[in-house]
Amino acid sequence: MKLHLKRMSIFKLKATRALSVLAVAALAVSATLLSSIPVRAQAASSVPLQCQVSSQVGTNGISYAIVCSGTIPGGSVALNCQSPNAISDNNGVFTVAGSCSETIALAGANIPVTVSGTGIEINSNNGSITVASGAATVTLDDGLSSATASCSGAALSETLSPLTFNNPGTCSVATSVLGIGTAQITGTGGSTINVTNSPNLVLTINSPSFTVSASLLGLINTSTTCGTSVAINLSQIFPITIPALCSGS
């Protein structure tokens with residue numbers, strides 16, 4: 001009987017160790033691209049936009065649109081907004097009630113951006129975009145891994161060079177690695193999201209506090225909290241070598 005209990009204890013110990021190893025693997029695989037490396041904020045540079053407003057009569061009445069384009073360092077930006085109401089122009093500052101879609105081209109990488117809400121202002125003089133109340137989404141995808149950043153709330157703003165979102169509310173980033181591992185990063189208390197592509201496509205989220213969760217094939221879930229900057233480098237998939245999440249926080 002004692003021998004049986006001893007074997008059972010050894011089995012439980014080995015099982016616990018195995019689960020611990022799997023939990024670490026879940027973090028490593030599902031958050032391959034996560035790194036708590038502090039990233040210096042880059043000063044936003046002015047990006048003048050060329051904008052054209054148009055209207056069209058349809059079955060539902062008159063609809064309005066604005067199309068803008070501009071050149072940013074290392075790429076270009078194309079912006080298209082639809083509005084049910086007339087689009088006002090105040091010395092190059094356009095106000096849109098509707099939704100906007102953008103395509104940011106950076107060194108061959110096309111980055112789709114969607115902005116929706118009320119009181120969207122496009123400043124064609126410097127390329128800044130603000131939303132009185134609404135949401136913004138930016139997606140990065142290199143075929144093997146992807147990252148989608150979402151921000152929502154009031155007083156959301158975007159600058160084009162570098163591509164940056166500032167939000168007093170909450171921003172989150174969902175990542176997927178080969179469809180096997182996933183990670184969710186949520187910043188609270190104000191968040192900034194920055195996208196660069198020199199030399200690699202990197203998305204960085206900064207916030208006073210984070211909640212980070214990860215899973216492997218949906219079997220093991222691990223979560224933690226920390227306060228730091230998290231950088232997601234889409235080009236660094238293999239080998240899987242990352243520092244521990246939230247180290248140094």
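The values are calculated or read from the model by the stated rules, or taken from the named source; none is laboratory data. The shown structure was predicted, so the numbers you read here are calculated from the model rather than taken from an experiment. Here the Cβ is made from the backbone with ideal geometry for all residues, glycine too, and neighbour counts use every protein chain on show. Remember, those area values only see protein heavy atoms, side chains included, never the ligands or the DNA or RNA. Shrake-Rupley method; radii C 1.70, N 1.55, O 1.52, S 1.80 Å.
To the nearest 10, the accessible area of Ser198 is 100 Å² with a 1.4 Å probe.
Once you list every other residue whose beta carbon is under 13 Å from the beta carbon of Ile122, what net charge do they have if Lys and Arg are +1 and Asp and Glu are -1?
Net of charged neighbours comes to -4.
Compare Asp89, Asp142 by solvent-accessible area with a 1.4 Å probe and give them largest first, with all protein chains kept in place. Provide the component values of the computation, followed by the final result.
On the way: Asp89 95, Asp142 70 Å².
Result, largest first: Asp89, Asp142.
Each of Ser198 and Asn90 was given a label point 7 Å from its Cα along the Cα-to-Cβ line. The distance between the two points is 3.4 nm. Positive contributions from Lys and Arg (+1) and negative ones from Asp and Glu (-1), summed over other residues with Cβ under 15 Å from the Cβ of Cys151, come out at -2.
Can you tell me the length gained on complete extension of the stretch Asn80 to Asn126, counting 0.36 nm per residue apart and subtracting the Cα distance? List each step's numbers first, then the result.
Working: separation 46, 0.36 × 46 = 16.56 nm, distance 1.68 nm.
Working it through step by step, the gained length comes to 14.9 nm.
What FRET efficiency do you get for Leu144 and Ser99 if R0 is 25 Å and r is their Cβ-Cβ distance, rounded to the nearest 0.05? Step by step, r from the Cβ atoms, then E = 0.25.
Determine the order of Leu144, Leu160 by accessible area, beginning with the largest, at a probe radius of 1.4 Å.
Values: Leu144 90, Leu160 10 Å².
Solvent-accessible surface, decreasing: Leu144, Leu160.
Between Ala174 and Ser54, what is 0.36 nm times their sequence separation minus the Cα-Cα distance? Round to one decimal in nm. Please list the in-between numbers first.
Working: separation 120, 0.36 × 120 = 43.20 nm, distance 3.59 nm.
Contour length minus Cα-Cα distance gives 39.6 nm.
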